[in-house]
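Here it is: the structure, laid out below.
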2 protein chains.
Amino acid sequence: MITIYDIAKLTGFSPTTVSKVFNDYADVSPKTRRKILEAAEQLGYLPNAHARSLTTKRSWTIGVLFNEPSGAGILHPYFAGVIEGFKKVSTSRGYDLMFISKDIGGKKSSYLEHCKIRGVDGVVVILPDFTDPYFLELLESSIPCVLLDQESVTKSTVCSDNMAGSIMAVEHLYSLGHRLIAHIGGGNTFAGKKRLQGYLHAMEELRLSVNPEHVVQGSYDYTVESGRLAMEELLQASERPTAVFAAGDNLAVGAMMAVKSHGLSVPGDISIIGFDDIEMVKFLTPSLTTIRQDTYALGNKAADMLIYTIEGGDEVQSDMIPVQLVIRESCRSL
Amino acid sequence: MITIYDIAKLTGFSPTTVSKVFNDYADVSPKTRRKILEAAEQLGYLPNAHARSLTTKRSWTIGVLFNEPSGAGILHPYFAGVIEGFKKVSTSRGYDLMFISKDIGGKKSSYLEHCKIRGVDGVVVILPDFTDPYFLELLESSIPCVLLDQESVTKSTVCSDNMAGSIMAVEHLYSLGHRLIAHIGGGNTFAGKKRLQGYLHAMEELRLSVNPEHVVQGSYDYTVESGRLAMEELLQASERPTAVFAAGDNLAVGAMMAVKSHGLSVPGDISIIGFDDIEMVKFLTPSLTTIRQDTYALGNKAADMLIYTIEGGDEVQSDMIPVQLVIRESCRSL
DNA sequence: GTGAAAGCGCTAACAC
DNA sequence: GTGTTAGCGCTTTCAC
């Protein structure tokens with residue numbers, strides 16, 4: 001391995017000066033800088049990130065925390081989109097991404113411990129289950145964090161405008177003439193609660209009464225199966241809704257399947273609107289009307305915030321990304 | 001930060017002995033070990049991975065290389081499934097995963113340089129485009145690698161049994177009475193070529209002639225749009241195929257869209273079979289008959305191989321994971 | 001502008 | 001069983 005000492009030896013300068021060149025110090029003469037750079041090139045020098053981190057206490061690494069137990073984690077398009085956007089800006093700012101789990105060295109540990117051992121500079125958290133004690137521990141630590149779809153006063157947060165999206169969804173159904181509008185909720189998650197809240201708010205604004213039987217919770221993992229189950233429940237209601245607003249596209253897909261399995265039609269008998277706009281839904285029959293989240297923008301913004309904190313900013317930030325109604329075929333006009 | 005020196009001071013032992021305890025050396029008395037462990041616990045000691053790596057030249061980190069230019073990268077369910085499986089076993093073996101890009105420190109560099117700077121112990125490569133010069137450079141290096149869907153004599157490889165899967169697909173169509181079977185290819189990728197090969201092989205075995213107009217290439221990125229385009233082309237053929245074997249589910253979905261847009265029915269007029277079994281396709285109308293790849297097993301196996309190499313094994317391994325025909329509604333019997 | 005010296009936290013000979 | 005010593009590759013005072 002080529003080190004700065006090799007370059008020092010070759011050029012006759014000291015390791016200190018070589019180091020200064022690679023750290024863009026101003027007090028190196030242009031001539032010296034050039035010679036050192038040439039020697040580095042010639043020797044094929046590459047810096048050693050571990051050695052650098054050991055002295056500087058900066059790893060230029062960002063930990064990525066996401067849902068593992070459900071396994072849905074990375075497989076969900078929401079996660080993938082956010083990470084893609086996050087990676088884009090963090091990479092361009094010089095940071096690499098590392099997955100953080102509760103395992104380390106094959107042994108169980110906490111997220112916080114894992115982060116400290118690896119010396120990550122910050123963490124992006126994409127974890128629907130905010131009751132996890134290990135997550136709480138991380139929140140209380142002093143490690144820079146940005147949270148997606150969470151609320152916090154100590155850490156920065158980013159989320160979609162869930163309220164506005166839900167209101168759009170309900171208003172869209174209303175404008176089509178629907179009055180009996182049901183809701184399949186996203187469980188006990190931040191997004192799920194906001195969307196429920198948006199639904200309730202919109203119903204009230206429109207002076208529509210909410211039949212308690214018309215609000216059922218899907219599980220926090222937003223799976224198709226969970227949507228199917230929820231729809232089965234809705235179908236048992238004394239009064240059948242004419243439209244359903246599902247808090248996630250997977251839930252909506254499950255709901256569509258349930259409706260069809262009862263020999264009913266979407267949108268003939270029941271209109272369905274989702275939330276997310278994951279890629280698949282535009283190919284369904286009928287294609288799904290939904291509220292599009294800009295996952296890429298969510299990731300971008302999260303990275304901006306986290307790096308701001310890592311690099312010394314101490315203001316706790318929080319931002320909401322606009323969402324958009326995408327009209328397709330799954331909702332009909334009455 | 002608590003170091004082994006703090007523990008040494010507190011317990012009266014030397015840093016060496018403390019270090020030995022954490023590295024499970026046998027020559028430490030049980031009593032000493034216990035005292036040191038207690039002190040560590042009490043002080044809240046956590047090891048410093050950078051310092052450790054600096055001396056041992058082992059980072060317990062595995063680099064993940066995947067397709068970035070297309071952006072399809074992590075968003076494709078294939079990638080997500082493989083990584084999920086890969087992460088599972090590597091984590092349990094003590095390794096963490098880090099994304100490797102061509103950017104580092106905000107500057108352009110090569111994958112190989114990135115790996116060396118970060119000191120990763122090995123790399124898993126999930127890159128359809130094997131003509132990338134930076135990928136070639138990595139292949140020629142001595143860094144432990146495992147490649148997915150690639151061929152190599154110097155590095156270990158894992159892939160699905162693409163040939164067998166393609167043969168299954170064609171035979172399935174044949175058994176349903178189809179004789180005019182077209183193919184939408186996966187472009188100039190390893191998997192794409194194997195699947196084309198399997199198609200050709202099966203056609204020959206079944207003594208079916210292949211109309212050259214019935215073989216069209218989708219792009220290497222396996223997108224829906226690419227499948228749509230390819231199907232449009234097939235629809236121009238002098239003789240219309242009764243069935244199409246698409247080299248990927250996205251391609252198949254695109255093909256279905258094209259068929260429908262011409263007022264034709266799947267499977268009424270044209271039967272379609274895909275490859276992958278990504279989650280969405282079972283919810284399509286008609287649901288897609290396809291060849292299922294076990295992406296999780298692919299990832300598991302890749303991790304096993306890579307860790308084998310990292311930990312000193314010098315045999316170049318290669319393995320093929322079985323695939324499976326999943327019959328749904330998109331192929332009809334003639 | 002340049003360099004000497006110390007130290008980041010840890011492990012690995014080797015001696016005792 | 002335990003400790004001494006040196007060193008991994010780099011950065012950072014601080015002196016020149």
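The values are calculated or read from the model by the stated rules, or taken from the named source; none is laboratory data. Only a predicted model underlies this, so the values are computations on that prediction, with no experimental measurement involved. Note: ideal-geometry Cβ built from the backbone for every residue, glycine included; neighbour counts use all protein chains shown. Remember, those area values only see protein heavy atoms, side chains included, never the ligands or the DNA or RNA. Shrake-Rupley method; radii C 1.70, N 1.55, O 1.52, S 1.80 Å.
Is it the case that residue B:81 is more than 16 Å from DNA strand C (Cβ to nearest atom), within 30 Å of residue B:298 (Cα to Cα) and in a helix (DSSP H, G or I)?
Working: more than 16 Å from DNA strand C (Cβ to nearest atom): yes; within 30 Å of residue B:298 (Cα to Cα): yes; in a helix (DSSP H, G or I): yes.
Answer is yes for this residue.
Let me ask something else. Does residue B:187 count as assigned by TED's automatic domain parsing to the domain that holds residue B:289, within 25 Å of residue B:126 (Cα to Cα) and part of a helix (DSSP H, G or I)? Spell out how you get there, then give the answer.
Details: assigned by TED's automatic domain parsing to the domain that holds residue B:289: yes; within 25 Å of residue B:126 (Cα to Cα): yes; part of a helix (DSSP H, G or I): no.
Criteria not met by residue B:187.
What number of residues in the range A:85-95 are at the interface with another protein chain (Cβ under 7 Å from one of its Cβ atoms) and touching a strand residue (DSSP E or B) at 6+ places or on another chain (Cβ under 9 Å)?
Filtering the range A:85-95 for residues at the interface with another protein chain (Cβ under 7 Å from one of its Cβ atoms) gives A:87, A:91-94.
So of that shortlist, the ones also touching a strand residue (DSSP E or B) at 6+ places or on another chain (Cβ under 9 Å) come out as A:87, A:91-92, A:94.
Residues in the range A:85-95 being at the interface with another protein chain (Cβ under 7 Å from one of its Cβ atoms) and touching a strand residue (DSSP E or B) at 6+ places or on another chain (Cβ under 9 Å): 4 in total.
Follow-up. Check whether at least one residue in the range A:114-130 is more than 16 Å from DNA strand D (Cβ to nearest atom), closer than 18 Å to residue B:98 by Cβ and either in contact with a His (Cβ under 6 Å, 6 or more places away or on another chain) or open to solvent by 50 Å² or more (accessible area, probe 1.4 Å) (or both), and report yes or no.
Checked against the condition, which is being more than 16 Å from DNA strand D (Cβ to nearest atom), closer than 18 Å to residue B:98 by Cβ and either in contact with a His (Cβ under 6 Å, 6 or more places away or on another chain) or open to solvent by 50 Å² or more (accessible area, probe 1.4 Å) (or both), the range A:114-130 yields at least one hit.
Only one of these is surrounded by fewer than 17 Cβ atoms within 10 Å (Cβ to Cβ) and in contact (Cβ under 8 Å) with a residue 24 or more places away in the chain: B:151, B:140. Name it.
Values: B:140 fails: in contact (Cβ under 8 Å) with a residue 24 or more places away in the chain.
Selected residue: B:151, the only one of B:151, B:140 that is surrounded by fewer than 17 Cβ atoms within 10 Å (Cβ to Cβ) and in contact (Cβ under 8 Å) with a residue 24 or more places away in the chain.
Looking at (1) surrounded by fewer than 23 Cβ atoms within 10 Å (Cβ to Cβ); (2) in contact (Cβ under 8 Å) with a residue 12 or more places away in the chain, find the lone condition where residue A:109 falls short.
Residue A:109 satisfies all of (1) surrounded by fewer than 23 Cβ atoms within 10 Å (Cβ to Cβ); (2) in contact (Cβ under 8 Å) with a residue 12 or more places away in the chain except (2).
If you go through the range A:154-176 one residue at a time, how many are farther than 18 Å from residue A:79 by Cα and open to solvent by 30 Å² or more (accessible area, probe 1.4 Å)?
9
Which of the residues that make up the range B:53-80 are within 9 Å of another protein chain (Cβ to nearest Cβ), open to solvent by 60 Å² or more (accessible area, probe 1.4 Å) and at pLDDT below 95?
The one that is within 9 Å of another protein chain (Cβ to nearest Cβ), open to solvent by 60 Å² or more (accessible area, probe 1.4 Å) and at pLDDT below 95: B:75.
Follow-up question, since we're still on this one. Filter the range A:40-52 down to residues that are open to solvent by 60 Å² or more (accessible area, probe 1.4 Å) and within 12 Å of DNA strand C (Cβ to nearest atom), then give me how many there are.
1
If I ask for residues that are open to solvent by 40 Å² or more (accessible area, probe 1.4 Å) and either farther than 19 Å from residue B:291 by Cβ or not polar (S, T, N, Q) (or both), which ones from the range B:207-218 would you list? Break it down into steps so the answer makes sense when it comes.
Start the filter on the range B:207-218 by keeping residues that are open to solvent by 40 Å² or more (accessible area, probe 1.4 Å), which leaves B:207, B:209-210, B:212-213, B:215, B:217.
B:207, B:209, B:210, B:212, B:213, B:215, listed by residue number.
Looking only at the range A:239-284, which residues are in a strand (DSSP E or B) and within 14 Å of residue A:77 (Cα to Cα)?
We begin by selecting, within the range A:239-284, every residue in a strand (DSSP E or B); these are A:243-246, A:271-276.
Within the range A:239-284, A:275, A:276 qualify.
For the range B:216-238, which residues satisfy the criterion of being within 26 Å of the chain's Cα centre (by Cα) and not in a loop (DSSP other than H, G, I, E, B)?
Our first condition is that a residue be within 26 Å of the chain's Cα centre (by Cα); within the range B:216-238, this holds for B:216-230.
B:216, B:217, B:224, B:225, B:226, B:227, B:228, B:229, B:230 - these are the residues of the range B:216-238 that are within 26 Å of the chain's Cα centre (by Cα) and not in a loop (DSSP other than H, G, I, E, B).
So, one more: Only one of (1) more than 23 Å from residue B:333 (Cβ to Cβ); (2) in contact with a strand residue (DSSP E or B) (Cβ under 8 Å, 6 or more places away or on another chain); (3) crowded, with 23+ Cβ neighbours inside 10 Å is not met by residue B:274, so which one is it?
Going through (1) more than 23 Å from residue B:333 (Cβ to Cβ); (2) in contact with a strand residue (DSSP E or B) (Cβ under 8 Å, 6 or more places away or on another chain); (3) crowded, with 23+ Cβ neighbours inside 10 Å one by one, residue B:274 breaks only (1).
Need the failing condition index for residue A:308 against (1) under 24 Å from residue A:148 (Cα atoms); (2) in a loop (DSSP other than H, G, I, E, B); (3) among the hydroxyl-bearing types (Ser, Thr, Tyr), just the number.
(2) is the only condition that residue A:308 fails.
Then there's this: Answer yes or no as to whether residue A:156 is touching a residue at least 24 places away in the same chain (Cβ under 8 Å) and of a type in the set (Ser, Thr, Tyr). Break it down into steps so the answer makes sense when it comes.
On the way: touching a residue at least 24 places away in the same chain (Cβ under 8 Å): yes; of a type in the set (Ser, Thr, Tyr): yes.
Yes.
Just the residues that are surrounded by 19 or more Cβ atoms within 10 Å (Cβ to Cβ) and of a type outside the set (Val, Ile, Thr), please, taken from the range B:83-106.
Narrowing the range B:83-106 to residues surrounded by 19 or more Cβ atoms within 10 Å (Cβ to Cβ): B:83-87, B:90-91, B:95-101, B:103-104.
Of everything in the range B:83-106, those that are surrounded by 19 or more Cβ atoms within 10 Å (Cβ to Cβ) and of a type outside the set (Val, Ile, Thr) turn out to be B:84, B:85, B:86, B:87, B:90, B:95, B:96, B:97, B:98, B:99, B:101, B:103.
Still on this structure, I have one more. Report, by residue number, each residue of the range B:1-39 that is within 14 Å of chain A (Cβ to nearest Cβ), in a helix (DSSP H, G or I) and more than 9 Å from DNA strand C (Cβ to nearest atom). Explain how you work it out, then say what you get.
At the first step, the residues of the range B:1-39 found to be within 14 Å of chain A (Cβ to nearest Cβ) are B:1-4, B:22-24, B:37.
Checking which are in a helix (DSSP H, G or I) leaves us with B:4, B:22, B:37.
Within the range B:1-39, just B:37 meets the criteria.
Restricting to the range A:234-261, name every residue that is among the basic types (Lys, Arg) and away from chain B (no Cβ under 14 Å). Steps first, answer last, please.
Here is the first cut: in the range A:234-261, the residues among the basic types (Lys, Arg) are A:240, A:260.
Answer for the range A:234-261, where residues must be among the basic types (Lys, Arg) and away from chain B (no Cβ under 14 Å): just A:240.
In the range A:110-127, which residues are within 9 Å of chain B (Cβ to nearest Cβ) and not in a helix (DSSP H, G or I)? Outline the logic, then answer.
So in the range A:110-127, the residues within 9 Å of chain B (Cβ to nearest Cβ) come out as A:113-114, A:116-119.
Once the filter is applied, which keeps residues that are within 9 Å of chain B (Cβ to nearest Cβ) and not in a helix (DSSP H, G or I), the range A:110-127 yields only A:119.
Quick one: how many residues across the range A:34-64 are in contact with a Lys or Arg (Cβ under 8 Å, 6 or more places away or on another chain), within 11 Å of DNA strand D (Cβ to nearest atom) and among the small types (Gly, Ala, Ser)?
Of the residues in that region, 1 qualify.
With the structure loaded, tell me whether residue A:101 is touching a Ser or Thr at 6+ places or on another chain (Cβ under 6 Å) and within 16 Å of DNA strand D (Cβ to nearest atom) or whether it fails that test. Explain how you work it out, then say what you get.
Values: touching a Ser or Thr at 6+ places or on another chain (Cβ under 6 Å): yes; within 16 Å of DNA strand D (Cβ to nearest atom): no.
It is false that residue A:101 is touching a Ser or Thr at 6+ places or on another chain (Cβ under 6 Å) and within 16 Å of DNA strand D (Cβ to nearest atom).
Would you check if there is a residue in the range A:96-107 being within 11 Å of chain B (Cβ to nearest Cβ), hydrophobic (A, V, I, L, M, F, W, C) and in a loop (DSSP other than H, G, I, E, B)? Step through it out loud before you land on a result.
Pass one, the range A:96-107, residues within 11 Å of chain B (Cβ to nearest Cβ): A:96-107.
Cutting the leftovers down to hydrophobic (A, V, I, L, M, F, W, C) gives us A:97-100, A:104.
Checking which are in a loop (DSSP other than H, G, I, E, B) leaves us with A:100.
Yes: the range A:96-107 contains one or more residues that are within 11 Å of chain B (Cβ to nearest Cβ), hydrophobic (A, V, I, L, M, F, W, C) and in a loop (DSSP other than H, G, I, E, B).
In the range A:1-33, which residues are small (Gly, Ala, Ser), surrounded by fewer than 14 Cβ atoms within 10 Å (Cβ to Cβ) and within 9 Å of DNA strand D (Cβ to nearest atom)?
Across the range A:1-33, the qualifying residue is only A:14.
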